[in-house]
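Here the structure is laid out as structure tokens; the discussion comes afterwards.
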Amino acid sequence: MSNIKFFKQLSKSDVAIAGGKGASLGEMTQAKIPVPPGFVVLSSAFDRFLEETNLKEDVAAQLKKVNPDDTNSIDKISAVLRDMIHDTAMPKDIEKEILVAFKKLDAKFVAVRSSATAEDSAIASWAGELETYLNTEKKAVLERVKRCWSSLFTPRAIFYRHEKKLIDHYVSVAVVVQKMIQSEISGIAFTVHPVTEDRNQMIIEAGLGLGEAIVSGQVTPDSYIVNKKEMTIMDINVSEQSRKMIRKVGKIKGQTDEENKANHWVPTGKDGDKQKLTGKEVIKAAELFSKIEKHYKFPCDIEWAMEKGKLYITQSRPITTLKK
């Protein structure tokens, strides 16, 4: 059985094998939404890795030792589990499949993202709990896949399992490998206003550089409120942005190996206090986001990136915070 599926082979019904992220990217690819191409290392690859290396019992035993009220206990078990996964060799056939798929993708740089099989389901939303590695080259892809596997056991993810009463619930993880978009502008959109819950209002947030900086809250983006029926801009809030994250070219002095080697911060200069998207671009984006919402038939939380004027969707999931 293949451990890899390309986006075009996946749909929203594949959460069990591709995780929430992988299934969503497959669904949008099939719906002709502009998604950067990619493939998913299926959860079955992680399951096999645990089985064939006899790590499964060790993982279960370590998780039982966790005291959720003791931060030190969570940190200690997390470090043990992550080291165990990093230090164990991946089955050779899985390695080979990943490298063959990488070659087919024909991309110099990829984003490697964790996609938990419990993600975006009714019981839990793992968004933000697991890890993502941007601008990954071929030589680092296998190591980054393993890091995504082990991020199922970060302190936050272990605590989250306890909080959501998932400690005895088997959670697996797939890994998305997707062509990297070197975005000049990127952001998030909510197809229903997340605060007022007005179904006719959409919020689009936009910042300069790679989207990870916005998703992780390291920069404050512009925000634009759009009336979905009229497709008009109701409100514009321009935020001053002093720095942006971009792909690093060459070695940067003073960066440690543990820092995400491929990316770094640079000043935005005079562009930082300008409006990030033109009115025309806001409406064009809003039309695409509305199309995604109509396809899914529920309010969406969307991540997007713009490179050379072309808009790409890198993630879409349900908005889980709405009360009505």
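Coordinate-derived values only; no laboratory data. Model, not experiment: these values are computed from the prediction. Glycine gets a Cβ as well: all are built from the backbone with ideal geometry, and neighbour counts include every protein chain shown.
Values computed for the structure shown
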| item | result |
| --- | --- |
| Pick from region 171-187, criterion over 15 Å from the mean Cα position of the chain (by Cα) and of a type in the set (Val, Ile, Thr), ranking: surrounded by the most Cβ atoms within 10 Å (Cβ to Cβ) | Ile185 |
| Which numbered condition Val195 fails, given (1) over 19 Å from Pro34 (Cβ atoms); (2) in contact with a Gly (Cβ under 8 Å, 6 or more places away or on another chain); (3) aliphatic (A, V, I, L, M) | (2) |
| Complete set of residues in region 280-299 that are farther than 22 Å from Val219 by Cβ and not charged (D, E, K, R) | Ile283, Leu288, Ser290, Ile292, His295, Tyr296, Phe298, Pro299 |
| Within region 4-26, tally of residues that are of a type outside the set (A, V, I, L, M) and surrounded by 23 or more Cβ atoms within 10 Å (Cβ to Cβ) | 7 |
| Count of residues meeting criterion [closer than 16 Å to Lys32 by Cα and in contact (Cβ under 8 Å) with a residue 12 or more places away in the chain] in region 290-301 | 6 |
| Tabulated pairs, region 310-324, first more than 20 Å from Leu277 (Cα to Cα), second of a type in the set (Lys, Arg) and crowded, with 18+ Cβ neighbours inside 10 Å, C-beta under 9 angstrom, 6+ apart or interchain | Arg317/Lys21 |
| Hits in region 68-84 (condition: more than 16 Å from Glu163 (Cβ to Cβ), of a type outside the set (Val, Ile, Thr) and without any contact (Cβ under 8 Å) to a residue 24 or more places away in the chain) | Asn72, Lys76, Ala79, Asp83 |
| Qualifying residue in region 49-57 (condition: hydroxyl-bearing (Ser, Thr, Tyr) and more than 28 Å from Tyr296 (Cβ to Cβ)) | yes |
| Every residue from region 183-230 that is in contact (Cβ under 8 Å) with a residue 60 or more places away in the chain and basic (Lys, Arg) | Arg199, Lys228 |
| Filter pass, Glu27 being touching a Lys or Arg at 6+ places or on another chain (Cβ under 6 Å) and not basic (Lys, Arg) | yes |
| Hits in region 188-232 (condition: over 28 Å from Ala111 (Cα atoms) and under 16 Å from the mean Cα position of the chain (by Cα)) | none |
| Tabulated pairs, region 138-154, first free of Cβ contacts under 8 Å to residues at least 60 places away in the same chain and more than 26 Å from His169 (Cα to Cα), second acidic (Asp, Glu) and surrounded by fewer than 20 Cβ atoms within 10 Å (Cβ to Cβ), C-beta under 9 angstrom, 6+ apart or interchain | Leu142/Glu95 |
